[in-house]
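Starting off with a structure, shown below.
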Amino acid sequence: MIIWKEPYFYLETKHTSYIMRILSNGMLHHVYYGAKIPKEDMGWYQLFQGKGFSPAVTVNGLVSSADLIPQEYPSFGRGDYRCPAFAVETADGRRLNELTYDHHEILEEKPALPGLPSLDVNMEESNSLAVTLKDAACGYEVVLHYTVLEEEDVIARHTEIRNRGKDAVYVRRAASLSLDIERDNLEFLSLSGAWGRERYPNRRPLSPGTTSIESRRGSSSHQLNPFAALASPDATETAGEVYGFSLIYSADFQILTEVSQYGCTRLQAGLNPETFSWKMEAGETFVTPEALMTYSGHGFQEMSHHFHDVCRRHLGRSAARDMVHPIIINSWEAMYFDLSEEKLKQFLADCEGLDIDTFVVDDGWFGRRTDDQSSLGDWFVDEERFPGGLHGVAECCRNAGMKFGIWFEPEMISRDSRLYKAHPDWCIRGQEEPVECRHQLVLDMSRKEVVDGIYEQMAAFIREYDITYIKWDFNRNLTDNGSFFLPPDRQREHTHRYMLGVYSLMHRLTETFPQVFFEGCSGGGGRFDFGILYYMPQIWTSDDSDAAERLRIQYGTSYAYPPASMVAHVSACPNHQTGRITPFATRGEVAQMCNYGYELAVGQLASEEKTMIREQVRKHRRLDEMIQRGIFYRLCSPFTGNLCAWQMVSEDQKRSYVMAAFLMAEPNPGGQYLRLQGLRKDGQYKVEPLGITAGGETLMRAGIPVIAPQRDYTAFAFELEWLSE
Ligand code: DGJ
């Protein structure tokens, strides 16, 4: 709900209030964000006072300074020395910015963000506010957009900058959101990592000065995810205050915090100003990516639930609840590049009876691609290895009762390819020879003819083979940023233009082929973000398929993203990434919480393992509804102890699934009670395989017994079913 009661804006979700007010000098003062409070006159709620070395400003009859006042969208050069939310320069070099309130509108429709992924919101469920601020001297406007998602306790924000002047201006910085919280004891949690170990939670106290996470890789990155939380020092999974922030964007970003001299913590999220700039001609508008913010008064878990709910209910195709996430078998770790018609047909024969939904032929089927040195961009079948195309394989796949899926890496080009011979200028390059990574170059997706060319190839293939599943990979980051096709003063627009081009391709393909189920991927989870999840309902969480590593990766990823967005597969042992040996059953249980599948040489499995696959597939079908729509609880962290445990509870709380995995076996071990969460307090639950019946309250307060195993990497799983009173 959004209420305007001059001079206040009250934005309310089910459990939170967000309050701002217009000050006498036109400044937009951020008053409060946190647990819900009444809509009162809070004129007394300010710490305004004059300060040395901070230029004076008189507001509401008090002398204060911009350096001290919490603001909605702070600017540079007029007395606030903290980090500005935006920076606009005019062609004649003016770079002082000062915004004052002009007008506002409470909108009936959530405004569209042209070319960008953003939340789909039915306005019966929410309200949108647009506050227009003006820089009178330079002639541009800044519109701050707020959409309130009441049920999910989330506020979506973005910013529009409109050039109302006669000349071009340059946007050097444009945060999607800026938030001033008058506290200096908050802790910062981010998800950081590397290839093969993505999104480990990293928590540290903030101190005076800036702390920022960012990407300048042209991708949201394996290293730092576009998500952050600010938490009270006492915050745990289930208690304490936590603010969560996330961007719906997949390229260069920055999430920055600054703790000021007067104890205010400023957080900004948006495009990375270091690699970005945008020229706006007179009359043009620039729209930032959308950012999400939420507040939880009950720890990190509730913050995660808010993001999970928004993702499942309002994020493009992720919200397409009727799309069944198929159980897949993928060729990569089974065969890598060593593909042939005969091998694939044999593989399919080996899969008979496993009841898997979709077979995905990964890298290696196109051009002359027998290793990673060639053919990206040549999206037609290698006739030498597949005479007559992939029709024989596709038919065999369908005869085996499976749908046919395929791998593409649409944004890339190999020097050794027909595409490169035909269009050597299609790759991103500067004056120098472009830098190769995995022997490949990146296509300049900021150019329409490049996007069109790739679209035509992919569309023809999808039609010819009646493809229903596409894994979309992205195996390197951008270098040589810039384009010969942009004028000198637009070079810094390139990375954002690249991303807009990629989104346009994703948009076109998903619109034209709604039957195709897309899986995002970037060397595993190198582009795991809400931008990709807008177009693709699930993402390959990591190239690391080792069960012990996946405990950490999936646990960390769940801080921002729901299990329904993650893909996990059972793979072979010794594991190809770590050399580790884990029990087959553990590999299955660890993967069960995600969208499920296999990638191993089925023909080399023992018959007991094949029997286990059939059981695991049956189990996944039983759990799938809960994984897609249920509520996820982190019970024990693999980052702090030897036991990792999580739990899913169905929406109606009548069913639950619990997974508890011990890492290393210990001598003479004991055991422990695992306290469950999210259960009904009335009635009883049957808990299998314990064979017990107990009340939800008992299971949550006393817990279920888990005896420590005498074998490394042992996982236990429990299924609960509610029995009426
Ligand atoms: C990286 C992906 O994450 C893998 O699953 C596989 O598709 C390879 N690329 C193929 O090159």
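Please find, among I155, I161, the residue that is touching a residue at least 24 places away in the same chain (Cβ under 8 Å) and either over 23 Å from F276 (Cα atoms) or of a type in the set (K, R) (or both).
I155
Going by what's in this entry, would I2 be described as β-branched (V, I, T) and either open to solvent by less than 40 Å² (accessible area, probe 1.4 Å) or modelled with pLDDT under 95 (or both)?
Working: β-branched (V, I, T): yes; either open to solvent by less than 40 Å² (accessible area, probe 1.4 Å) or modelled with pLDDT under 95 (or both): yes.
Yes, satisfied.
Can you pull out the residues in segment 112-133 that are within 18 Å of T288 (Cβ to Cβ) and crowded, with 16+ Cβ neighbours inside 10 Å?
L113, L116, P117, S118, L119, V121, S128, L129, A130, V131, T132, L133
Against the definition (part of a loop (DSSP other than H, G, I, E, B) and open to solvent by less than 10 Å² (accessible area, probe 1.4 Å)), how does G377 come out, yes or no?
Numbers: part of a loop (DSSP other than H, G, I, E, B): yes; open to solvent by less than 10 Å² (accessible area, probe 1.4 Å): yes.
The answer is yes for G377.
Now a separate question. Mind listing whichever residues of segment 395-419 are within 16 Å of the ligand (Cβ to nearest atom), open to solvent by less than 60 Å² (accessible area, probe 1.4 Å) and either in a helix (DSSP H, G or I) or closer than 22 Å to V450 by Cβ (or both)?
Once the filter is applied, which keeps residues that are within 16 Å of the ligand (Cβ to nearest atom), open to solvent by less than 60 Å² (accessible area, probe 1.4 Å) and either in a helix (DSSP H, G or I) or closer than 22 Å to V450 by Cβ (or both), segment 395-419 yields I406, W407, F408, E409, P410, E411, M412, I413, S414, S417.
Might you check whether a residue that is within 14 Å of the ligand (Cβ to nearest atom), touching a residue at least 24 places away in the same chain (Cβ under 8 Å) and under 23 Å from M506 (Cβ atoms) occurs anywhere in segment 378-394?
no
Another question, then. Taking only segment 590-629 into account, find how many residues are of a type in the set (G, A, S) and in contact (Cβ under 8 Å) with a residue 24 or more places away in the chain. Give the steps one after another, and end with the answer.
Quick first cut of segment 590-629, residues of a type in the set (G, A, S) only: 591, 597, 601, 603, 606-607.
Among the residues that remain, those that are also in contact (Cβ under 8 Å) with a residue 24 or more places away in the chain are: 591, 597, 601, 603.
The qualifying residues number 4.
Quick one: G392 ticks every box in (1) of a type in the set (G, A, S); (2) closer than 24 Å to G523 by Cα; (3) not in a strand (DSSP E or B) except a single one, so which number is it?
(2)
Quick one: which helices (runs of 4 or more DSSP H) lie wholly within segment 259-358 and hold at least 1 residues that are within 16 Å of the ligand (Cβ to nearest atom)?
Once the helices (runs of 4 or more DSSP H) in segment 259-358 are filtered for at least 1 residues that are within 16 Å of the ligand (Cβ to nearest atom), what remains is 332-335, 341-350.
Out of the residues in segment 681-718 meeting the condition of being in contact with a helix residue (DSSP H, G or I) (Cβ under 8 Å, 6 or more places away or on another chain), open to solvent by less than 60 Å² (accessible area, probe 1.4 Å) and closer than 17 Å to D652 by Cβ, tell me which one is modelled with the lowest pLDDT.
Result: G683.
Determine whether E464 is open to solvent by 30 Å² or more (accessible area, probe 1.4 Å), assigned to a loop (DSSP other than H, G, I, E, B) and not polar (S, T, N, Q).
No: the conditions fail for E464.
Kindly indicate the residue of segment 134-147 that is under 26 Å from the mean Cα position of the chain (by Cα) and within 30 Å of K166 (Cβ to Cβ) and also surrounded by the fewest Cβ atoms within 10 Å (Cβ to Cβ) among those meeting that condition.
Out of the qualifying residues, it is V143.
Can you tell me which condition K471 does not meet? The list is (1) buried (at least 23 other Cβ atoms within 10 Å of the Cβ); (2) within 16 Å of the ligand (Cβ to nearest atom); (3) assigned to a helix (DSSP H, G or I), and all the others hold.
Here K471 clears every test but (3).
Please enumerate the residues belonging to segment 359-374 that are within 14 Å of the ligand (Cβ to nearest atom), of a type outside the set (V, I, T) and open to solvent by 50 Å² or more (accessible area, probe 1.4 Å).
Result: D371, Q373.
Kindly evaluate G678 against the criterion of being assigned to a loop (DSSP other than H, G, I, E, B), under 26 Å from A560 (Cβ atoms) and at pLDDT below 95.
So G678 does not fit the description; no.
For segment 632-669, give me each residue that is closer than 20 Å to G695 by Cα, assigned to a loop (DSSP other than H, G, I, E, B) and in contact with a helix residue (DSSP H, G or I) (Cβ under 6 Å, 6 or more places away or on another chain).
S650, E651
If I go through segment 480-512 residue by residue, how many of them are part of a loop (DSSP other than H, G, I, E, B) and either within 27 Å of D357 (Cα to Cα) or open to solvent by less than 10 Å² (accessible area, probe 1.4 Å) (or both)? Spell out how you get there, then give the answer.
Step one: list which residues in segment 480-512 are part of a loop (DSSP other than H, G, I, E, B), which gives 480-487.
Restricting the remaining residues to those that are either within 27 Å of D357 (Cα to Cα) or open to solvent by less than 10 Å² (accessible area, probe 1.4 Å) (or both) gives 482-483.
Residues that pass the stated criteria total 2.
Considering only residues of segment 527-545 that are aromatic (F, W, Y) and within 9 Å of P117 (Cβ to Cβ), which is nearest to the ligand (Cβ to nearest atom)?
The qualifying residue nearest to the ligand (Cβ to nearest atom) is Y535.
To keep it simple, each residue is scored yes or no on (1) modelled with pLDDT of 95 or more; (2) more than 28 Å from S304 (Cβ to Cβ); (3) open to solvent by 40 Å² or more (accessible area, probe 1.4 Å); (4) in contact with a Cys (Cβ under 6 Å, 6 or more places away or on another chain).
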site: Y596; (1), (2), (3), (4): yes, no, no, no
site: V602; (1), (2), (3), (4): yes, yes, no, yes
site: L605; (1), (2), (3), (4): yes, yes, no, no
site: R614; (1), (2), (3), (4): yes, yes, yes, no
site: L623; (1), (2), (3), (4): yes, no, no, no
site: F632; (1), (2), (3), (4): yes, no, no, no
site: L635; (1), (2), (3), (4): yes, no, no, no
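To continue, here is another question. Output the number of residues of segment 382-394 satisfying the condition of being within 23 Å of L419 (Cβ to Cβ) and open to solvent by less than 20 Å² (accessible area, probe 1.4 Å).
Qualifying residue count for the region: 4.
The values are calculated or read from the model by the stated rules, or taken from the named source; none is laboratory data. Computed from a prediction, not measured in an experiment: that's the story for all the values here. Please note: Cβ atoms are built from the backbone with ideal geometry, for glycine as well, and neighbour counts cover all protein chains shown. Surface accessibility is based on the protein's heavy atoms, side chains included, excluding ligands, DNA and RNA. Shrake-Rupley method; radii C 1.70, N 1.55, O 1.52, S 1.80 Å.
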